[in-house]
Amino acid sequence: MEQLTGKTQEELIADLQGVIFRVPNAEPARYVTADEYLSGNVREKLTVAEIAAKQDPSLSVNVEALKQVIPKDLPASEIAVRLGTTWIPQEDIQQFVMELLTPSQHARGRIKVRYTPYNGDWFIENKTSDYGNVKADSTYGTKRASAYRIIEDTLNLKDTRIFDYVYDEHGNKKAVFNHKETTAAQAKQEVIKQAFQDWIWKDPERRNRLVRYYNDTFNSIRTREYDGSHITFGGISPEIQLRPHQVNAIAHILYFKYNESRDASDFKSFCVAYMVSSRYGVDTRAFRFDKLPKEYEGMDAQALKGELGSMRDVLGEMQSEMYKSLEKNKPAKSKEQER
């Protein structure tokens, strides 16, 4: 660019301020376009930029730009939470169980709610230690399923089901579904679910903490918006005036690059786009494959061939629908043309 414009690097950077951004902590210095930098996990990028700007004030422009695109915080009323949501700390679930069932002092010290991140399972230790608790056995439970068991099932996203066990003529134990007891247990399960909904946002400290965690963790991604306003189309007919969304779509195709950070869905979309472009004579040099997605790593050739075959099927369906649409919208021939 220095050779093309005759300007120094410093002059180019100053002229392109707001169009390109320097990536903090990158050595040597690296610049990316605004649509790339101001997308993705922008909350994480803002944190990095704020720390870097304390050492290098020139990065304050990054901070200000990122603040403008941070997704609006969602309030508690717009955050769906159910009993079993894994990002709710187990300490909060423990508190809910204690407040809902008010176990005896002896049982309170023994009953513990545990969550295992490795397999995503919830478990309530010493469920049977709270013997004789009316809330656990009647108010929120039944004679066949205590509230502790029902809560554990709910945490693991299971419907509580009750079975009776009988022995057949051969002495084999057989499970028989008990519809009546199951209906009663599941009714209590719905009561517990509603109690959790009423409880979770009630305490201001807990609400603020969980809302902050949710927004920082799950409401932090901004979709990349491609800007093609700078692209010039040499050789295009002056009769054709592309609209902004069309130019941006062209920029999307030119700058999109499949890489290992994308999932199998992106990979399939990219393959179908490549097939369509290739079949209709579109230049496919912009389609670059760096690496297969993690879902396909280690897949044998036959399995991968099957995946690609499913993509060809999608392409065939697309082509068929295209022809149907063309036929449907084809202008009707006049009688003279038919002659």
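The table for this structure:
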{"item": "Residue match in region 34-43 (condition: out of contact with any Pro (no Cβ under 7 Å at 6 or more places or on another chain) and farther than 23 Å from D227 by Cα)", "result": "no"}
{"item": "Scan of region 147-158 for residues that are modelled with pLDDT of 95 or more and out of contact with any Leu (no Cβ under 9 Å at 6 or more places or on another chain), ordered by number", "result": "R149, I150, E152, D153"}
{"item": "Flag for D137 being surrounded by 13 or more Cβ atoms within 10 Å (Cβ to Cβ), free of Cβ contacts under 8 Å to residues at least 24 places away in the same chain, touching a helix residue (DSSP H, G or I) at 6+ places or on another chain (Cβ under 9 Å) and not in a loop (DSSP other than H, G, I, E, B)", "result": "yes"}
{"item": "Test: residue in region 151-173 that is part of a strand (DSSP E or B), in contact (Cβ under 8 Å) with a residue 12 or more places away in the chain, under 30 Å from R212 (Cβ atoms) and not polar (S, T, N, Q)", "result": "no"}
{"item": "Verdict on L59 being closer than 18 Å to D198 by Cα and surrounded by 14 or more Cβ atoms within 10 Å (Cβ to Cβ)", "result": "no"}
{"item": "Count - residues of region 68-88 that are within 14 Å of F196 (Cα to Cα), surrounded by 14 or more Cβ atoms within 10 Å (Cβ to Cβ) and either in contact with a strand residue (DSSP E or B) (Cβ under 6 Å, 6 or more places away or on another chain) or not aliphatic (A, V, I, L, M) (or both)", "result": "2"}
{"item": "Filter pass, A147 being within 21 Å of G84 (Cβ to Cβ), buried (at least 20 other Cβ atoms within 10 Å of the Cβ) and of a type in the set (G, A, S)", "result": "yes"}
{"item": "Subset of region 198-217 that is of a type outside the set (D, E, K, R), outside any loop (DSSP other than H, G, I, E, B) and in contact (Cβ under 8 Å) with a residue 12 or more places away in the chain - its residue that is nearest to A76 (Cα to Cα)", "result": "V211"}
{"item": "Hey, E225 touching a helix residue (DSSP H, G or I) at 6+ places or on another chain (Cβ under 9 Å), closer than 30 Å to Q246 by Cα and among the charged types (D, E, K, R) or not", "result": "yes"}
{"item": "Elements of type helices (runs of 4 or more DSSP H) in region 30-102, at least 2 residues being of a type in the set (S, T, N, Q) and out of contact with any Leu (no Cβ under 8 Å at 6 or more places or on another chain)", "result": "42-55, 60-69, 90-101"}
{"item": "Of all residues making up region 158-201, the number that are within 15 Å of Y140 (Cβ to Cβ), among the small types (G, A, S) and surrounded by fewer than 10 Cβ atoms within 10 Å (Cβ to Cβ)", "result": "0"}
{"item": "Single residue of region 221-250 satisfying the filter (in a helix (DSSP H, G or I) and modelled with pLDDT of 75 or more) that is nearest to S39 (Cα to Cα)", "result": "N248"}
{"item": "Among (1) touching a residue at least 60 places away in the same chain (Cβ under 8 Å); (2) in contact with a helix residue (DSSP H, G or I) (Cβ under 7 Å, 6 or more places away or on another chain), the one test that G18 misses", "result": "(1)"}
{"item": "From I111, I93, I88, residue being of a type in the set (A, V, I, L, M, F, W, C) and within 20 Å of the chain's Cα centre (by Cα)", "result": "I88"}
{"item": "Flag if K193 is at pLDDT 85 or above, touching a strand residue (DSSP E or B) at 6+ places or on another chain (Cβ under 9 Å), not in a loop (DSSP other than H, G, I, E, B) and not acidic (D, E)", "result": "no"}
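The values are calculated or read from the model by the stated rules, or taken from the named source; none is laboratory data. Because the structure is predicted, anything quoted here is derived from the model rather than measured. Heads up, the Cβs are rebuilt from the backbone with ideal geometry, glycines too, and the neighbour counts pull from every protein chain shown.
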